[in-house]
1. List the GluC sites (Glu not before Pro) within segment 211-241 that DSSP assigns to loop and that have no more than 10 neighbouring Cβ atoms inside 10 Å.
2. Which cross-chain or sequence-distant (5 or more) residues have an amide H under 5 Å from the amide H of Val27, H modelled 1.01 Å from N in plane?
3. If amide H atoms are built 1.01 Å from N in the plane of the peptide, which residues on other chains or at least 5 residues away come under 5 Å of the amide H of Trp62?
4. How much length, in nm to one decimal, is gained on full extension between Ser49 and Ser105, taken as 0.36 nm per residue of separation minus their Cα-Cα distance?
5. Would you list the P(r) distribution for the chain, with all Cα-Cα distances sorted into 5 Å bins from 0 and each bin expressed as a whole %?
6. Can you give me the distance in nm between label points at Arg97 and Glu269, each placed 7 Å from the Cα along the Cα-to-Cβ direction?
7. If you average 1/r over all unlike Cα pairs in segment 155-214 and invert the result, what Kirkwood radius do you get in angstrom?
8. At 0.36 nm per residue, and after removing the present C-alpha to C-alpha distance, how many nm does the segment from Thr209 to Ala13 gain when stretched out fully?
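A short reminder: the numbers here are calculations on the coordinates, not readings from a lab. All figures in this text were calculated on a predicted structure; none of them were measured in a lab. Note that we place each Cβ from the backbone using ideal geometry, even for glycine, and neighbour counts take in every protein chain shown.
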Amino acid sequence: MSMNFDNFMRSIAARRQPVNLISGFGVHRLTLNLSTKELGEEAPPVQFSGELWAENLGNCGWIGPLTQPRPVNARWGGDNLELHTVVTDEQLRRLERARAGADLSFRVDIIGTRLGETSDWPVAQCQLTIYVAHAEWSKALEQLGSSAYVDVLVPLTDLEGRALAARRLREAKVLIRNGDFEGAVGKARSVLDAVRPACNTAVLYSEATKKKAADRTQEERWAVLTQSAYALFSGAPHDDEGTTEHFTWTRADAVAAVATSAGLLARLEDLP
């Protein structure tokens, strides 16, 4: 993206780690990490400012004004440009609900003001879109202490049942982003179809139910967890009269179901 003045230009782009958050008392500093390069001989210094928006959220997506904390001294080689704004805890909560686990997209309206004397109009502007991956943004929030991010890595495998289960997890995440929470829980249930036979869940669960909870072995307790999750998640694809037909599923329910199934599937890597 370039900012065009009357007799010179500046290019502006996002850096590899485009954002970071620094914790404050109820408010936090959000920094955009950009780079800028002068495209013209004897280009004068420029002071930057602007506004930050969360894209695809309409007018409610306005976050705040952007300021430049220090001047940039870049000539031909390019230099780092930091733009700061302040976000509140309430803004972060609303932003999390709005993005619903999807990657984050910011729109940056940037204004550049040429410093020094000039006979030309000294102001130019441009718009820049910055994309932040879900995992990267979640880890930034975790550093604030305002959330906890858990990344469950499910290894690739040639085993057909487990490979299919991993695909079901990816499909479930898409369904959550699209607001189909019941469908996501149903996918989480299908993931456990690969876990239950691999862990001999049916046999261990049968033995576990004959004992007091305190007397169960570790594997029997895993079996109880797996079977209980399977029974709960089965309420999504089935509409049994008088019971599961009345089940409702929220986004938090769907996230919990997918995280549980992902953890149980990943655990198979350590099993013989």
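1. Working: sites: Glu219, Glu220, Glu241; in loops: Glu241.
Counting only loop positions with at most 10 other Cβ atoms within 10 Å, the GluC sites (Glu not before Pro) in segment 211-241 are Glu241.
2. Under 5 Å from the amide H of Val27: no residue qualifies.
3. When sequence neighbours closer than 5 places are left aside, the close amide H contacts are Ala54.
4. On the way: separation 56, 0.36 × 56 = 20.16 nm, distance 1.92 nm.
The span from Ser49 to Ser105 would gain 18.2 nm if fully extended.
5. Percent of Cα pairs in each bin: 1, 5, 10, 12, 12, 11, 10, 9, 8, 6, 5, 4, 3, 2, 1, 1, 0, 0.
6. 3.6 nm
7. On the way: mean 1/r = 0.0767 Å⁻¹.
Over segment 155-214, the inverse of the mean reciprocal pair distance is 13.0 Å.
8. Answer, rounded to one decimal: 64.5 nm.
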